[in-house]
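See below for the structure under consideration.
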Amino acid sequence: MTKTIRVADDVYRILVSKKRKGESFSETVRRLTAKGRETQSGLFGVLADLPEKDFQRFREAALNVDKPLSEEFSWKRRARK
């Protein structure tokens, strides 16, 4: 069953910007409003729309999350007295 809804122009622009290639508006709304996005499986694909430059920055930060600050900032250990 198809329903027609009315949205404000700014909401339409937001939906257009979030819509993926080949995705219908119904699929876009379903994806954006799906329950469970706060779980790991619900977050699958959330970075798909991220521009490559931003994705690489995120990836680098994620890979270095366990890196000690001394290594991250190239600090040298001080000799203890």
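Any residue in region 47-65 that is within 21 Å of residue 19 (Cβ to Cβ) sitting within a Cβ distance under 7 Å of a residue that is at pLDDT below 80? List the pairs, counting only those 6 or more apart or interchain.
Hits for this filter: 55/47.
Listed here are the residues, each with its yes/no results for (1) loosely packed, with under 10 Cβ neighbours inside 10 Å; (2) modelled with pLDDT of 85 or more; (3) under 14 Å from the mean Cα position of the chain (by Cα).
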position	(1), (2), (3)
7	no, yes, no
14	no, yes, no
25	no, yes, no
40	yes, no, yes
55	no, yes, yes
58	no, no, yes
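Could you grab me the full set of residues in region 8-28 that are of a type in the set (A, V, I, L, M) and touching a helix residue (DSSP H, G or I) at 6+ places or on another chain (Cβ under 7 Å)?
15 - this is the single residue of region 8-28 that is of a type in the set (A, V, I, L, M) and touching a helix residue (DSSP H, G or I) at 6+ places or on another chain (Cβ under 7 Å).
The values are calculated or read from the model by the stated rules, or taken from the named source; none is laboratory data. Since the model is a prediction, treat every value here as computed from it, not as a measurement. Counting neighbours? That spans all protein chains shown, and the Cβs are built from the backbone with ideal geometry, glycine included.
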